Amino acid sequence: MRDRGQLSLSIVEAAVGVVFILAVTAGFALGVPAADTETPQLSAYAEDAATVLAGEPPRHAGETRLSEVTRSADAFDRERDALERRVDRILADNLMYRVGTPHGAVGHERPAGAPTGRATVPTPNGEVTIWVWYV
Amino acid sequence: MRGQANLPAVAVALLVVTTAAGLAVVVADGAFASAERDAGPRATAAAVADRLLASDSPLTDRRNVLNASRLTAAGLEAAVPSDVPVRVAVGGETVYERGDPTGPTARRLAVVAERQTVGLEPPLEFETVTLPRRSPRATIEVDPSAGIETVRANDRVVLHDPAGVVGEYDVRLSRYETTRLRFEGRAEEGDVTVTYYPRRTKKAELEVTVGA
């Protein structure tokens with residue numbers, strides 16, 4: 001027996017046990033995903049920006065600034081620069097945005113994969129959607 | 001003989017398994033600790049921020065529009081919970097602080113609105129004057145020497161006296177359209193002073209920190 005140099009059976013059992021324990025541990029160490037804290041905050045930002053815009057008086061006609069830009073393609077073309085400036089002023093400096101209307105969109109291209117907050121405001125002529133993400 | 005020879009091996013095996021188990025417990029504990037979040041204070045901060053920006057909050061004119069004149073520590077005292085440390089900052093400036101909160105912060109976007117007072121002496125060459133900015137009301141002051149019978153705001157009669165309008169009057173205007181005032185009668189420049197109250201807004205981030 002001794003001459004064959006076999007490993008002690010207890011050591012082999014212990015090795016198998018350690019592998020099992022490490023498998024469970026790896027589940028804890030790798031398996032708990034990090035909580036997504038950015039999206040709720042970004043959604044709050046988007047919601048706030050939408051609320052402010054929806055409550056603002058229009059520049060020319062309509063009930064609010066948002067219903068003004070959805071009235072017609074002409075109205076949107078006329079107001080797009082003013083809308084962009086206004087959204088830029090409302091949002092904090094560390095945020096980028098895109099405002100989509102039935103007649104087009106202002107702001108930046110949305111990045112793929114980044115956490116994004118979103119808010120939608122109904123107006124008589126269609127929905128206005130605001131997306132917000134961190135720079 | 002054989003059992004004797006295995007004793008050290010059993011001891012080593014036990015040691016190895018115990019060590020591995022202890023390590024596993026430590027790692028699991030760490031994973032639980034990092035996954036645990038201060039949900040209570042975070043929810044409180046978010047709820048307080050939400051309440052401060054609501055349309056029936058003591059601080060706002062309408063939803064998300066804070067009134068600069070009501071943005072004081074006394075006005076905030078009643079709106080925040082009384083049993084936790086809390087700090088409210090608007091645009092980076094602390095408006096109200098109780099205790100020393102170090103917990104989570106809820107950040108919201110808001111607009112701070114301030115009423116300005118702008119005086120205007122219309123030239124009255126063509127009887128009309130357009131207020132450059134919207135205002136919910138205006139104060140019209142007419143000298144006794146003027147002979148104005150009627151004042152209209154966008155064709156709506158706001159003041160009328162066949163014997164001549166004299167004195168200081170507050171008139172309500174539309175918030176939704178630009179106002180054109182028309183003075184009918186006999187008046188020259190200097191007879192009439194119009195004071196209106198346009199709103200100036202600037203953006204501000206509302207930050208509510210709650211919890212010790």
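The values are calculated or read from the model by the stated rules, or taken from the named source; none is laboratory data. Remember, it's a predicted structure, so these values are computed and weren't measured experimentally. Cβ: placed from backbone, ideal geometry, glycine included. Neighbour counts: every protein chain shown. Protein only, heavy atoms only, side chains kept; ligands, DNA and RNA dropped before computing areas. Shrake-Rupley method; radii C 1.70, N 1.55, O 1.52, S 1.80 Å.
Along its three principal directions, the equivalent ellipsoid of the stretch A:86-130 from the Cα gyration tensor extends over semi-axes of 19, 13, 10 Å, largest first. Taking the square roots of 5 times each eigenvalue of the Cα gyration tensor of chain B, largest first, gives ellipsoid semi-axes of 74, 15, 11 Å.
When you restrict to C-alpha pairs under 8 Å that are six or more residues apart and normalise by the size of chain B, the relative contact order lands at 26 percent.
Think of the protein assembly as shown as having a plus end and a minus end, set by charges on the Cβ of Lys, Arg, Asp and Glu; of B:THR117, B:ALA20, B:TYR196, B:ALA20 sits farthest toward the positive end of this dipole.
Residue by residue, the stretch A:84-91 carries 3J(HN,Hα) couplings of 4, 4, 5, 5, 4, 6, 6, 7 Hz when phi is fed to the Karplus relation 6.51 cos²θ - 1.76 cosθ + 1.60 (θ = phi - 60°); x denotes Gly or Pro. Here the Karplus relation 6.51 cos²θ - 1.76 cosθ + 1.60, evaluated at θ = phi - 60°, turns the backbone of the stretch A:60-77 into coupling constants of 10, 9, x, 8, 9, 4, 6, 6, 5, 6, 8, 4, 7, 4, 5, 4, 5, 4 Hz, with x for every Gly and Pro. By how many degrees, between 0 and 90 and to the nearest 10, does the Cα long axis of helix A:9-31 differ from the longest principal axis of chain A? Relative to chain A, helix A:9-31 is tipped by roughly 10 degrees. Surface exposure of chain B, expressed per residue as accessible area with a 1.4 Å probe, stands at 56 Å². Coordinate range of the alpha-carbon atoms in the stretch B:118-196 per principal axis, descending: 32, 21, 20 Å. Relative to the Cα centre, the charge distribution of chain A, modelled as +1 at Lys and Arg Cβ and -1 at Asp and Glu Cβ, gives a dipole magnitude of about 280 debye.
Across the stretch B:1-85, Cα-Cα pairs farther apart than 21 Å form 61% of the total. The angle between the Cα long axis of helix B:39-53 and the longest principal axis of the Cα atoms of chain B comes to about 0 degrees, rounded to the nearest 10. Based on every Cα atom in the stretch B:85-125, Rg and the maximum pairwise Cα distance Dmax equal 19.4, 63 Å. Stokes-Einstein, applied to the Kirkwood radius of chain A over Cα pairs at a viscosity of 1.306 mPa s and 10 °C, places its translational diffusion at 86 µm² s⁻¹. Only Lys, Arg, Asp and Glu carry charge here, each on its Cβ (+1 for the first two, -1 for the last two); on that basis chain B has a dipole of about 1240 debye about its Cα centre. Across the stretch B:8-23, rounded Karplus estimates of 3J(HN,Hα) from the backbone phi angles (6.51 cos²θ - 1.76 cosθ + 1.60, θ = phi - 60°) give x, 5, 5, 4, 4, 4, 4, 4, 4, 5, 4, 4, 4, 5, x, 4 Hz, Gly and Pro being marked x. For the stretch A:1-61, the direction-averaged projected area of the alpha-carbon convex hull comes to 7.1 nm². Expressed as a whole number of Å, what is the distance separating the alpha-carbon centroids of the stretch B:166-205 and the stretch A:39-100? That distance is 28 Å. Here the Kirkwood formula, the inverse mean of 1/r across different C-alpha pairs, assigns the protein assembly as shown a hydrodynamic radius of 25.9 Å. Short-range pairs are left out: with C-alpha atoms under 8 Å and at least six residues apart, the relative contact order of chain A is 25 percent. Counting only chymotrypsin sites (Phe, Trp or Tyr not before Pro) that DSSP places in a loop and that have at most 15 other Cβ atoms within 10 Å, the longest clean stretch of chain B runs over B:1-125.
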